[in-house]
Amino acid sequence: MGEKKRNPKKIMSIRIDADDKESIEGAARALGMTTSGFVASAAIDAAERVDQTTPMPPHEDGDDVPGFFRAACAVAARGGHQGYARAGFELASKVRWLIPDPVTDEDWDLALFDLRSLLAEKDIWGVIGWFRRYFAGCLQLVPQRRRTQFAYGAIAAFERGQVFSA
């Protein structure tokens, strides 16, 4: 197996108070790092601490919304990296293990087969409908005007082999 490919570098701009900027620059110098390297390292460390598996309390309609998905939607709502496509990618990548109640294992296998077909056909509206049926609470966190973006993220996860991999 080959090494994991790294994504190309991207520019990220943030606005902070002048005092905070000076404090960050001083901390970076003290550690012998560039300011951008220091900020990127701190941000990546914080992102990795976000719980990727613990579901949040049930949503209003009784659906569980996984913590990782709630966090991805919060980032997207603030204009974060890749928007709701990233949230769709993350949810699709983990959907195999997120069996909703009261779906049986056998019914879940059939539902996943349907999802695989929708993703392979790049059926945007079918993908949205599938997630609405099985993860209504999750889809409620995605604004209506961003649902196609969400579906494209799920399709991208499928195309990269992330959806049904072990």
Residues satisfying the stated conditions in the range 119-139, i.e. of a type outside the set (Val, Ile, Thr), closer than 21 Å to residue 77 by Cα and buried (at least 16 other Cβ atoms within 10 Å of the Cβ): 131, 135, 137, 138, 139
Leading residue by the ranking (surrounded by the fewest Cβ atoms within 10 Å (Cβ to Cβ)) among those in the range 89-118 that are of a type in the set (Gly, Ala, Ser) and within 22 Å of residue 67 (Cβ to Cβ): 93
Which numbered condition residue 148 fails, given (1) within 18 Å of residue 77 (Cβ to Cβ); (2) not assigned by TED's automatic domain parsing to the domain that holds residue 69: (2)
From 147, 132, 160, 116, residue being out of contact with any Asp or Glu (no Cβ under 8 Å at 6 or more places or on another chain) and under 15 Å from residue 82 (Cα atoms): 147
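The values are calculated or read from the model by the stated rules, or taken from the named source; none is laboratory data. Treat the numbers as computed from the prediction; the structure is a model and nothing was measured. Glycine also receives a Cβ, built like all others from the backbone with ideal geometry; neighbour counts cover every protein chain displayed.
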